[in-house]
Amino acid sequence: MTATVAPAEQRPQLPDSVAVYRDDGPIAQAIGSALGRRVPIPAMALLLLGAGTILALTAFAGSDASLGLTAAGVVVLLLTFGITNARYPKESFHWAVPSLVRIGEYTTLAWLAATADALPAAFALIAALTFRHYDLVYRLRHRAEIPPAWLNRLAAGWDGRVIIAWLLLALGALPAAMYVWAGLLGAVSVAESVVSWRRFERSRATAGEFDEIEGEGE
Amino acid sequence: MSDTGTAVGGRAPAAGAPVGDPTAVTTAIVTATVPADDGSCAALLRWEGATLLERLLGQLAELGIHHVRVLVRPAHEAAVRAVAGDRVRVCAATDADLRAIAEAAAAPGGAGIVILPGEIVTHREALAGLLKDPRVVTGTLLGGGRRAGDFLFRVRSKRGRVISAASPYHFANRPTSAFLGVLKVAAADRPVLAASAARLAELAADPPEEWRDELERKREMWRNSLWRAAQRSEEDDEEGDGEDAPVDEFDDGPEEAPMPFDVTLSADDEQLLRQKLAAAPQDATALALVGMVRSGTHVGVTRLRRLFWARPLSPASAARAEVDIRDYDEDKVLLDSAVKASDGFFTTFFVSTYSRYIARWAAHRGFTPNQVTTVSLFIGILAAAAFATGERWGLVAGAILLQAAFTTDCVDGQLARYTRTFSKLGAWLDSIFDRSKEYVCFAGLAIGASATGDPVWGLACAAIILQTARHFSDFSFGAGQTRLIGDIEQPPVERALDAAAIAAAERRAARAAQPEPTEQAPRPAEPAPPQPFSRRVLRAWHTIDRLPGVRWLKRMAAFPIGERFAAISLTAALFDARVTFIVLLTWGGFAVLYTLSGRVLRSIAR
């Protein structure tokens, strides 16, 4: 008997945090598995290209962008980020991935809304999404869990959300539909969180990893 | 036991443990095996008319730990039995101690176990800080700078986890803290303790050569540090300074510079060294810790902070501890310790200075941290509503309310640490409500600005995107660092050296194996391997931390929550929402560049 007893099986296996924080939907996964291995561009370059394109379009075309240009922006984002679904950059740069995905997604939502003069609705949607995304982080940190599959399907992933936002824009349904969407998404996310916390507090069966992020403490 | 009776605000610790709490501790193994200077049992040194052991057993009972085993050497059995009764268990030597620990850990059922030496003197609250903290599943009590005469071993910890521990026979590379003898093992980790202690027992019965060499090396190291401490205190005496000047971290490295000449210690120090050397191989607790760490178990960290700790090995040092511990205002120390050490500049100097007294008031009124957190959210929503008016009075009222919300937010954490009512739900509420308050205020400011004919929704969107992206970079970077620590491959307990020291030794061996340069050219002493640029920059970056104020400047540059809320309040009250968002975006953008460059450098350097 050696003293190196693997304690891994006693602790809940933490899902890969980068994959959870990315919040990819089925479309991004499909793009990733279809094109991931075939495009010989480094993952970090793709992520920077996608986020950079959206930021540039937002800055230069802004609220005057045509429907066609917004469609092009959405496609670029889907392709560049989608391919990286299956391919990550070098491990020491993993920390940059979730931030870039969030910047790409949120900026696209804000830009699409801006072309229909619906920025307040975009703010509402982004605020509702921040609840979901912070909840992903804190749930993993405090309870070593991810949200249930039905909630993830409902949230549709960043890929689903930019497509829905563009469809709403094309249908001329902004801002009203975006407000409704933000309200529903926010309400369902908060309600699910409250219910799952009550369940967790009642059972308290597992001890998840509890590590404070030192220094920042936020 | 006067000092143990003064619980904070008369709070009595919960007797026993809540059912199903995976971190509850109900069993203690007390090692009363270390000899005092006169050969008697150190745990039986006198303390306020009783003994150190009785004091400790009393503290453990107050913490709800009623299953106690006291390990004792045959020579001291009768004396310890007079104090501990049938809880005594006779162990002939350290290997028997470790076997007893392994047996206790392997016993079916039961909750967590705490292993600690019978002769330690500390506040009950220091023990409670480790034993009653549900966030520390399996963990240790660690302290900062100790004096050369202290009898303890050192550990290296990172991100709240012990990654290497020293024992009489084990070496910890670049230690960061002192192991204060208390090891808590959660129920889930008991099988690991049972296996590793059994293995250590086999080895301790006949220490392998590598272990004996390490003990020999420690003798020299202790001799040198006692000598250095003596030199220092002589200098200090000339300056009329106290003898309690703490000694820096020991230069606990294998390449320690040789001492300039033969070191001669004073008679007292020689005696101290002999005692430490006699006591060291008896330290089953330190060995048990090494066993847990080397098994790859997540061993968490609780800090002593500013509470008192001593491990007397002579009547004189026990008497000194008895006097010293009286100087501690336990409640004040606990309150000061409730303030987070890693907070930003604004929080530390403008909020925590008074919020701790609100925390104490809330504790005495019986408020829970979660109640305070919820109140804080409501004040934050009120602030957002005031901002949403867009009027001057509303902006000023919102600014004041936001500061009130932030103060309450600091209070909840301090209250939780002060009363040790930690919960996962509380941590989640605190984090998620902080984000909510901030973004609700963004919305309020933007609504107010629109009402006065200056729509700033684009800026508001930019601010929320920037802040969320910053947080996600922090989360992911932190998760990556934590994973990196978990990936350290721990060498088996047979090895005296830890993972880092073994790697360093292999690097040295590889360098030595390279062909020697030509004989006539005198080799420069130890040519340092060329450092990559990124590492050199990082080293310089850490070096300037020693300059006064630099640490705080760096924390401010990262634009933490206190600074953000202060910036929102000030700019909103004095100017308007547009200025607020521009300041948030500018400072936040600068913080991105600042943290990004550090992280990119670190990622390249790896």
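Quick note: the coordinates plus some simple rules give every number you see, no bench work behind them. Keep in mind that what you see is a predicted model, and the values were worked out from it rather than measured. With ideal geometry, Cβ positions are generated from the backbone for all residues, glycine too; neighbour counts draw on all protein chains shown.
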Evaluate peptide A:133-143: per residue, the Cβ atoms of other protein chains within 10 Å of its Cβ; return the mean as an integer.
6
Given charges at beta-carbon only (K, R positive; D, E negative), |dipole| of chain B in Debye:
2280
Neighbour-count order for B:His66, B:His170, fewest beta carbons within 10 angstrom listed first:
B:His66, B:His170
In nm², the average projected area of the convex hull spanned by the Cα atoms of the stretch A:15-203 is 10.6
A:Leu69-A:Leu49 pseudo-label distance in nm [points 7 Å out on the Cα-to-Cβ vector]
2.2
Residue ranges of DSSP H helices in chain B that stretch 30 Å or more (Cα, own long axis) and have mean Kyte-Doolittle hydropathy of at least -0.5 are B:392-419, B:424-451, B:457-486, B:577-605
I need A:Trp95, A:Trp111 ordered by Cβ neighbour count within 10 Å, fewest first.
A:Trp95, A:Trp111
Tell me whether the protein assembly as shown comes out rounded, prolate or oblate; compute the Cα gyration tensor, take square roots of the eigenvalues as a ≥ b ≥ c, and use a/c under 1.5 as the rounded threshold.
prolate
Ascending count of other beta-carbon atoms within 10 Å, so fewest first, for B:Val80, B:Val185:
B:Val80, B:Val185
Separation of alpha-carbon centers, the stretch A:51-114 and the stretch B:317-353, rounded to whole Å
49
Under 22 Å between alpha carbons, and skipping anything fewer than 8 positions from B:Lys132 in its own chain: which lysines qualify?
B:Lys158, B:Lys184, B:Lys332, B:Lys340, B:Lys424
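With an 8 Å cut-off on Cα pairs and a minimum separation of 6 or more residues, tell me the relative contact order of the stretch A:15-203 in percent.
Taking the mean separation of contacting Cα pairs over the length of the stretch A:15-203, I get 31 percent.
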